[in-house]
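Enquirer: Would you mind keeping the following structure in view while I ask a few things?
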Amino acid sequence: MILILNQFPEKDPAPTSRYLKEWGGALRQQGESIQWISGTPSYRLRTPPFIFRALQALQILFLILWKGICSPTPRLIIASSSPPGILLIATVLKLWHRVPLIHWAMDLHPDLSVALGENRFLRGLFQFFVKRCYPLCDALLTLDADMQKKLKTIYQVDSIITRLWSLNRATISEVLPLQSPPRWIYSGNLGKAHEWKTVLETQLRLEQQGSPFHLRLQGNASQRLPSNLSFPQQIEFVDYVSEENLVSTLLSCHLLIATQNPLTTGLLWPCKLALLSVLPRPLLWIGSKNSATAAEFKQRPHTGIFEPGESEKIALWISQYETIPDPNEFKEWIEKQPTQSAFLEQVRKVTWPLLSSKA
């Protein structure tokens, strides 16, 4: 039996759940049994204030710890990086059951909180324990070269870059209906790790220039943005859409948006990029121009790479896409992107030697 530890349940739409579910499914096909241990009912619940969020995270961690201790001895533990602190719990369970541990560092904690100015009181104590946990992992996975470098620099540990594939790729339709007037869309979480000020400033500039472009914020923007903001007129707030409708809503827009606060470079990789990069639409990236992501996306057709604050340049770039490019221009790029089979083959190479050694 293999334990999978994650903040959200197996069937939740959270990226961590969906990728771990694929990994677990491949293990089940090889005859392994999976026990999934989580603590939060849903990724899309309204985010509580900080103090309640911290208490909720502690409750989740203790719940995962208790369930893990009470579990029959597994052959292997696979732990995500959500919620913060789960690596500590996974390490305790590794030592308790005396089994190998694979940690998938999709976010680097507590470094992410430090970069965003959060949890200053606890970060020193947290980092003291994390420094001792990373070397105890039998395998450590991360998402890109920046994260790999951070782990090596801060914690002196080696890691394996595990590129994410688009879970929605099979649902991309050949029919590409567009809405009118043209829209550019940000879809997903709009927390501190992302950049929203430049997006709103750009929309204001577009409106001042008489541009027909509307901005659509799809996800939890209405919860995250300050209520006293003065919003542009041509803006739409839409809740999260169902998984089966996500691709069609993205393709109904002329232009896609992905952002990352430059302070978090090397501490996370926006999972939405796995899908956005394989859609035949122009893509706007707002983040560090010196990141591994920016270097890679310079090779993608019709991709604008800008730093936060460059709203004037972004507005000029967007204005050229009232008519979308020929979808065939993206085919060569799309064919080179990570696939499900490549992802599963990579994690298989990590998993099976540890299972064999335990046996």
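The values are calculated or read from the model by the stated rules, or taken from the named source; none is laboratory data. All figures in this text were calculated on a predicted structure; none of them were measured in a lab. Please note: Cβ atoms are built from the backbone with ideal geometry, for glycine as well, and neighbour counts cover all protein chains shown.
Enquirer: For residues that are in contact with a Gly (Cβ under 8 Å, 6 or more places away or on another chain) and in a strand (DSSP E or B), tally how many sit in segment 239-257.
Expert: Our first condition is that a residue be in contact with a Gly (Cβ under 8 Å, 6 or more places away or on another chain); within segment 239-257, this holds for 239-240.
Within this subset, residues satisfying the condition of being in a strand (DSSP E or B) are none.
So the answer is 0.
Enquirer: Among Thr171, Thr162, which is the only one that is within 27 Å of Ser291 (Cα to Cα), out of contact with any Cys (no Cβ under 8 Å at 6 or more places or on another chain) and not acidic (Asp, Glu)? Don't jump to the end; show me each part of the working.
Expert: On the way: Thr171 fails: within 27 Å of Ser291 (Cα to Cα).
Residue meeting the stated conditions: Thr162.
Enquirer: Here's something else I'd like to know. Which is among the aliphatic types (A, V, I, L, M), out of contact with any strand residue (DSSP E or B) (no Cβ under 9 Å at 6 or more places or on another chain) and surrounded by 14 or more Cβ atoms within 10 Å (Cβ to Cβ), of Leu200, Leu125, Leu204?
Expert: Checking each option against the conditions leaves just Leu204.
Enquirer: Residue check: is Glu322 modelled with pLDDT under 95 and not aromatic (Phe, Trp, Tyr)? Let's see the steps before the verdict.
Expert: On the way: modelled with pLDDT under 95: yes; not aromatic (Phe, Trp, Tyr): yes.
Considered against the rule, which asks whether it is modelled with pLDDT under 95 and not aromatic (Phe, Trp, Tyr), Glu322 comes out as yes.
Enquirer: Now for a separate question. Please identify the pairs in which a residue from segment 158-174 that is over 21 Å from Lys349 (Cα atoms) and among the aliphatic types (A, V, I, L, M) has its Cβ atom under 7 Å from the Cβ atom of a residue that is modelled with pLDDT of 90 or more and crowded, with 18+ Cβ neighbours inside 10 Å, counting only partners at least 6 apart or on another chain.
Expert: Final answer for the pair search is Ile172/Val247; Ile172/Leu279.
Residue-wise test of (1) among the β-branched types (Val, Ile, Thr); (2) in contact with a helix residue (DSSP H, G or I) (Cβ under 7 Å, 6 or more places away or on another chain).
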| residue | (1), (2) |
| --- | --- |
| Pro232 | no, yes |
| Val241 | yes, yes |
| Leu263 | no, yes |
| Ser277 | no, no |
| Phe297 | no, no |
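Enquirer: Since Glu236 meets every condition but one in (1) touching a residue at least 24 places away in the same chain (Cβ under 8 Å); (2) part of a loop (DSSP other than H, G, I, E, B); (3) loosely packed, with under 15 Cβ neighbours inside 10 Å, which condition does it not meet?
Expert: Exception for Glu236: condition (2).
Enquirer: Among the listed residues Leu143, Leu136, identify the single one that is in contact with a helix residue (DSSP H, G or I) (Cβ under 8 Å, 6 or more places away or on another chain), outside the structural domain of Pro325 (by TED's automatic domain parsing) and either closer than 30 Å to Leu63 by Cβ or exposed (fewer than 15 other Cβ atoms within 10 Å of the Cβ) (or both).
Expert: Working: Leu143 fails: in contact with a helix residue (DSSP H, G or I) (Cβ under 8 Å, 6 or more places away or on another chain).
Result: Leu136 is the single residue among Leu143, Leu136 that is in contact with a helix residue (DSSP H, G or I) (Cβ under 8 Å, 6 or more places away or on another chain), outside the structural domain of Pro325 (by TED's automatic domain parsing) and either closer than 30 Å to Leu63 by Cβ or exposed (fewer than 15 other Cβ atoms within 10 Å of the Cβ) (or both).
Enquirer: Taking segment 161-184, which residues are under 17 Å from the mean Cα position of the chain (by Cα) and within 26 Å of Asn261 (Cα to Cα)? Step through it out loud before you land on a result.
Expert: Quick first cut of segment 161-184, residues under 17 Å from the mean Cα position of the chain (by Cα) only: 161-169.
Answer for segment 161-184, where residues must be under 17 Å from the mean Cα position of the chain (by Cα) and within 26 Å of Asn261 (Cα to Cα): Ile161, Thr162, Arg163, Leu164, Trp165, Ser166, Leu167, Asn168.
Enquirer: For segment 61-167, please list each of the helices (runs of 4 or more DSSP H) lying entirely inside it that holds at least 1 residues being more than 24 Å from Pro353 (Cα to Cα).
Expert: Of the helices (runs of 4 or more DSSP H) lying wholly inside segment 61-167, those with at least 1 residues that are more than 24 Å from Pro353 (Cα to Cα) span 111-115, 120-133, 145-155.
Enquirer: Could you go through segment 306-314 and let me know if any residue there is assigned to a loop (DSSP other than H, G, I, E, B), out of contact with any Ser or Thr (no Cβ under 9 Å at 6 or more places or on another chain), closer than 23 Å to Arg183 by Cα and not aromatic (Phe, Trp, Tyr).
Expert: Taking segment 306-314 and keeping what is assigned to a loop (DSSP other than H, G, I, E, B), we get 307-310.
Of the ones still in play, those that are also out of contact with any Ser or Thr (no Cβ under 9 Å at 6 or more places or on another chain) are none.
Checked segment 306-314: no residue is assigned to a loop (DSSP other than H, G, I, E, B), out of contact with any Ser or Thr (no Cβ under 9 Å at 6 or more places or on another chain), closer than 23 Å to Arg183 by Cα and not aromatic (Phe, Trp, Tyr).
Enquirer: Please identify the pairs in which a residue from segment 175-188 that is assigned by TED's automatic domain parsing to the domain that holds Val238 and in a loop (DSSP other than H, G, I, E, B) has its Cβ atom under 7 Å from the Cβ atom of a residue that is at pLDDT 90 or above and of a type in the set (Asp, Glu), counting only partners at least 6 apart or on another chain.
Expert: If the second residue must be at pLDDT 90 or above and of a type in the set (Asp, Glu), the pairs left are Pro182/Glu322.
Enquirer: Identify the single condition in (1) over 16 Å from the mean Cα position of the chain (by Cα); (2) under 30 Å from Leu112 (Cα atoms) that Leu268 does not satisfy, given that it satisfies every other one.
Expert: All conditions are met except number (1).
Enquirer: Being outside any helix (DSSP H, G or I) and closer than 19 Å to Thr142 by Cβ is the filter here; which residues of segment 340-359 pass it?
Expert: Within segment 340-359, none qualify.
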